[in-house]
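Right, one structure below, let's go through it.
The values are calculated or read from the model by the stated rules, or taken from the named source; none is laboratory data. On a predicted model such as this, the values are computed, not experimentally measured, just so you know. All Cβ positions, even for glycine, are placed from backbone atoms using ideal geometry, and neighbour counts span all protein chains on display. Heavy atoms of the whole protein, side chains included, go into the accessibility calculation; ligands, DNA and RNA do not. Shrake-Rupley method; radii C 1.70, N 1.55, O 1.52, S 1.80 Å.
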Amino acid sequence: MTVLDDIIGGVREDLAERRRHVSLEQIRQDALAAPAPLDAFAALGGGLGGEVAVIAEVKRSSPSKGALADIADPAALAASYERGGAAVISVLTEARRFGGSLADLAAVRAAVGLPVLRKDFTVDEYQIWEARAHGADVVLLIVAALGDDDLRSFLDLTHELGMNAIVETHTEGEVRRAVAAEASIIGVNVRNLKTLEIDRRVFAGLAHLVPAGTVVIAESGVRDVDDVAGYAASGANAVLVGEALVRHADPSATITEFTAAGRAAWQAAGVAANS
Ligand SMILES: O=P(O)(O)OC[C@@H](O)[C@@H](O)c1c[nH]c2ccccc12
């Protein structure tokens, strides 16, 4: 059994428990009553290039590292991310391995004016309605966790609700499946969710398979401005950063630095291409 299988087993148990308290019918009504979603595709630059948007993550712990940070006030942390110039806020809601919750999501939603990603292991349409009901604008769809039929239907539902999905990949086959499903935002997670190992070279190896006009995101293991510049040189429109922000004394300044480094690297790549 892989780590991913293990996590998904827990996610399904917790989901069954929530469904005993709130029916699909009820969560649908709550979702439809929520304020309209914000446009994350636009916030991430619409796949145009030239900049690296920062998706800043509220992350308490992880299966690979255990406890990362004692986040007493996720709303205050998200507000500092917004001040630093983050484009989108990511909130982990998986409880067992990441220490997240839907309460964190709702608190962050209320504190910022940016699109908010519900970061979780989506295996059931209920979770998409639930994300919307708690104010999320974006959901994560991990290709490795889904069959093609679910990937398609979850993507369709996301778009019907006016939301975006980040379709997460780690292999060439998964990128091809994401493209075939017509994902408009594709994430390349350089961490293998089956072994938890990080290999930053995975991004450059896959990003060129993503069609123009699609937002492509480098996910995981972004430590510093050099990592951001490296991903920008391989065409990243955005980076998704958790640990480096929650462990930093001044996450706001870190985001500002990352954004500047991404812009400079895109410029340098453009100059190289035109000379
Ligand atoms: O903390 P990091 O290494 O900056 O990583 C953030 C993010 O990419 C990571 O949390 C992540 C990427 N894909 C996921 C899927 C589920 C849970 C978590 C993730």
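Among the residues of the stretch 192-229 satisfying the criterion of being acidic (D, E) and within 14 Å of the ligand (Cβ to nearest atom), which is nearest to V246 (Cα to Cα)?
First, the residues of the stretch 192-229 that are acidic (D, E): 197, 199, 219, 224, 226-227.
Retained after the next criterion (residues that are within 14 Å of the ligand (Cβ to nearest atom)): 197, 199, 219, 224, 227.
On the way: E197: 20, D199: 21, E219: 15, D224: 13, D227: 17 Å.
Here the answer is D224.
Of everything in the stretch 36-71, what is within 16 Å of the ligand (Cβ to nearest atom) and outside any loop (DSSP other than H, G, I, E, B)? Give them in sequence order.
Result: A40, A53, V54, I55, A56, E57, V58, S61, S62, G66, A67.
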How many residues are out of contact with any strand residue (DSSP E or B) (no Cβ under 8 Å at 6 or more places or on another chain), outside any loop (DSSP other than H, G, I, E, B) and of a type in the set (A, V, I, L, M, F, W, C) if we restrict to the stretch 245-263?
3
Residue pairs, Cβ under 9 Å, 6 or more apart or interchain, first in the stretch 26-44 and of a type outside the set (V, I, T), second outside any helix (DSSP H, G or I) and open to solvent by 80 Å² or more (accessible area, probe 1.4 Å). List them.
none
Is at least one residue of the stretch 231-240 surrounded by 15 or more Cβ atoms within 10 Å (Cβ to Cβ), of a type in the set (V, I, T) and either within 15 Å of the ligand (Cβ to nearest atom) or farther than 23 Å from R118 by Cα (or both)?
yes
All but one of (1) within 16 Å of the ligand (Cβ to nearest atom); (2) assigned to a helix (DSSP H, G or I); (3) touching a strand residue (DSSP E or B) at 6+ places or on another chain (Cβ under 9 Å); (4) not hydrophobic (A, V, I, L, M, F, W, C) hold for R177, so report the exception by its number.
(1)
Residue by residue through the stretch 43-83, note down the ones that are open to solvent by 60 Å² or more (accessible area, probe 1.4 Å) and either touching a Cys at 6+ places or on another chain (Cβ under 8 Å) or of a type in the set (G, A, S) (or both).
A67, A72
Out of (1) within 14 Å of the ligand (Cβ to nearest atom); (2) touching a residue at least 40 places away in the same chain (Cβ under 8 Å); (3) open to solvent by less than 50 Å² (accessible area, probe 1.4 Å), what's the single condition that is false for A244?
(2)
Would you check which residues across the stretch 247-264 are away from the ligand (no atom under 16 Å from the Cβ) and either of a type in the set (D, E, K, R) or crowded, with 22+ Cβ neighbours inside 10 Å (or both) and list them?
D250, R263
Looking only at the stretch 72-122, count every residue that is within 15 Å of the ligand (Cβ to nearest atom) and either among the charged types (D, E, K, R) or modelled with pLDDT under 95 (or both) and tell me the total.
7
Considering (1) over 30 Å from A36 (Cβ atoms); (2) under 16 Å from the mean Cα position of the chain (by Cα); (3) part of a helix (DSSP H, G or I), say which one V202 fails and leave the rest.
(2)
Selection from the stretch 181-230 of residues that are under 17 Å from G47 (Cα atoms), open to solvent by 40 Å² or more (accessible area, probe 1.4 Å) and without any contact (Cβ under 8 Å) to a residue 60 or more places away in the chain:
E182, A204, H208, L209, P211
